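To start, the structure under review is shown below, and the notes come after it.
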Amino acid sequence: MKIELAENYGFCFGVKRAIKIAEENKNSSTYGPLIHNNKEIARLEEDFKVGLTDDHKSFKSGDKAIVRTHGIPKDELAELKENRVDVVDATCPYVTKPQQICQDMSEEGYDIIIFGDEAHPEIKGVKSYATHGARVVTCPKDLEDLKLKDKIALVAQTTRKVEDYMEVANYLIPRYKEVRVFNTICNATFENQEAVRKISTQADVMIIIGGKNSSNTKQLFSISHDNCPDSYHIEDENDLDYSWFINKEFCGISAGASTPDWIIQNVVNSIQEQIK
């Protein structure tokens, strides 16, 4: 069986940057999981003594708090600084972009629409920057009963599928006088999604590696499954079922933006060992 990795996969710029920041700030804690990969978080704790807390109020004056890649709500960031916590901001620049857009457009009188998952930490943070509030939607149907101004600004969660984002934009544009559509889906998301789309049309079994709570990994799996029904989302080699590979000729592999190379290599090695 042929095994091939997608042309683009794994760690994105924002994740690489955040991990470097964490490794340079030993004996500190992140506010919320730094990235959506439990194995990498465990490595940072074991090797660099970087802990994790889900309560920003637990940080005391002089403590060092690393802000997660997904960002945090604006008021919580302000509170940390007011309490003289040493804030090390590892928010991905691709996430600070929609935060700033929401703040600027809201102050200019636009209604803010955010395409994404309202429960996701990135969206909780982005929404908090809209001075006069924002609505979060997942599809055009969510817009049907909203009473909106004639001026609308639209942003997307950085890891969403561009096709789904365009459906929301195309619903709004003919119905309102002014719709400002901002492309806030990050480059790595585009590249990884296009790469998995390409390889999954050729493979007869696909393995997508990443945290079960990783939004961008879920999007990769969705795209892969559309093209290759025998697609599987795993966190590491321990989730592999080798019956998946019986009578298969081409195994394609991709990984989410929070998946470290060492996990990807462990999966490749495990598959290779079993198909000998």
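Read the figures in this text as sums done on the coordinates, not as results from a lab. Computed from a predicted structure; not experimentally measured. A quick note on method: Cβ atoms are made from the backbone with ideal geometry, for glycine too, and the neighbour counts reach across all protein chains shown.
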Seminar exercise, completed: With Cα springs under 10 Å, the Gaussian network model of the chain assigns the largest mean-square fluctuation among 195, 130, 42 to 42
Seminar exercise, completed: Taking only the alpha-carbon positions of the stretch 20-67 as identical scatterers, the Debye log10 I(q)/I(0) at q = 0.25, 0.30 Å⁻¹ comes out as -0.89, -1.21
Problem set entry | Theoretical gain in end-to-end length, residue 83 to residue 238 [0.36 nm per residue, Cα-Cα removed] | 51.5 nm
For this session: Return the aspartates and glutamates within reach of residue 20: Cα separation strictly under 16 angstrom, same-chain partners fewer than 8 residues apart disregarded; answer none if there are no such residues.
Result: 40, 45, 46, 47, 89, 261
Exercise. Okay, which of the stretch 89-112 sit inside 18 Å, backbone N to the point 7 Å along the Cα-Cβ direction of residue 178?
Worked result: 101-112
Problem set entry | ³J(HN,Hα) computed for each position of the stretch 124-137 - Karplus, 6.51 cos²θ - 1.76 cosθ + 1.60, integer Hz, glycine/proline x | 4, x, 4, 4, 5, 8, 6, 4, 10, x, 8, 10, 10, 10
Seminar exercise, completed: Distribution output for the chain: share of Cα-Cα pairs per 5 Å bin in percent, first bin at 0, values 1, 6, 12, 15, 16, 14, 13, 10, 7, 4, 2, 1, 0
For this session: Starting from the amide H of residue 71, placed 1.01 Å from N in the peptide plane, find each other amide H under 5 Å away whose residue is 5 or more places distant or on another chain.
Result: 92
Exercise. Which pairs, out of 49/81; 161/212; 124/147; 149/177; 97/141; 39/81, put more than 20 Å between their alpha-carbon atoms?
Worked result: 49/81; 124/147; 97/141; 39/81
Seminar exercise, completed: Interchain or sequence-distant (5+) residues whose placed amide H lies within less than 5 Å of the amide H of residue 232 are 206, 207, 208
Exercise. Using modelled amide H (1.01 Å from N, peptide plane; none on Pro or chain starts), what sits under 5 Å from the amide H of residue 3, excluding residues fewer than 5 places away?
Worked result: 251
